[in-house]
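The values are calculated or read from the model by the stated rules, or taken from the named source; none is laboratory data. As the structure is a prediction and not an experimental result, all values here were calculated from the model. Positions of Cβ are backbone-derived with ideal geometry, glycine not excepted, and every protein chain shown enters the neighbour counts. To get the accessible areas, we keep the full protein, side chains included, count just its heavy atoms, and leave off ligands, DNA and RNA. Shrake-Rupley method; radii C 1.70, N 1.55, O 1.52, S 1.80 Å.
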Amino acid sequence: MNSLLRHRCLIAVLAAALPLSAALAQAADPGRAAQMNAELQKRFAAADANGDGQLTRDEAKGKMPLVYKRFDNIDTAHKGFVTLADIQVYAVAQRGARQGAK
């Protein structure tokens, strides 16, 4: 899978992960959005080796490579970790940027 397609898939998964958000409200299939949200939460939990709810760059590297690749863009506060909410905010911003470019 090429990087652009992977990026779009990640954004779609992350955007669908926002509970009760506009992204979910606009989803054509709410069941699919819920499934994608569950998958994102599962992958985040698997990557979060110490279970602290914070994903470091090293934790992301093995289990969430697209988050790893965009880590600095997601970690806007430069905390050295990202949360599920940080990833969701990034995804929504990327989705908005894509829609604005159309």
What number of residues in region 37-95 are of a type in the set (Asp, Glu) and open to solvent by less than 50 Å² (accessible area, probe 1.4 Å)? 4
Expected output for region 48-62 (first residue at positive phi, partner not in a strand (DSSP E or B), Cβ below 7 Å, 6+ apart or cross-chain) is Gly53/Thr83
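So that you can scan it fast, the table gives a plain yes or no per residue for (1) assigned to a loop (DSSP other than H, G, I, E, B); (2) under 18 Å from Asn37 (Cα atoms); (3) in contact with a Pro (Cβ under 7 Å, 6 or more places away or on another chain); (4) small (Gly, Ala, Ser):
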position: Asp52; (1), (2), (3), (4): yes, no, no, no
position: Asp58; (1), (2), (3), (4): no, no, no, no
position: Gly62; (1), (2), (3), (4): no, no, no, yes
position: Tyr68; (1), (2), (3), (4): no, no, no, no
position: Lys79; (1), (2), (3), (4): yes, no, no, no
position: Ile87; (1), (2), (3), (4): no, yes, no, no
position: Gln94; (1), (2), (3), (4): no, yes, no, no
position: Arg98; (1), (2), (3), (4): no, no, no, no
Matching option when the condition is among the basic types (Lys, Arg) and modelled with pLDDT under 90, among Arg32, Arg43, Arg57, Arg70: Arg32
For region 68-93, what are the residues that are in contact (Cβ under 8 Å) with a residue 40 or more places away in the chain, β-branched (Val, Ile, Thr) and within 17 Å of Gly51 (Cβ to Cβ)? Ile87
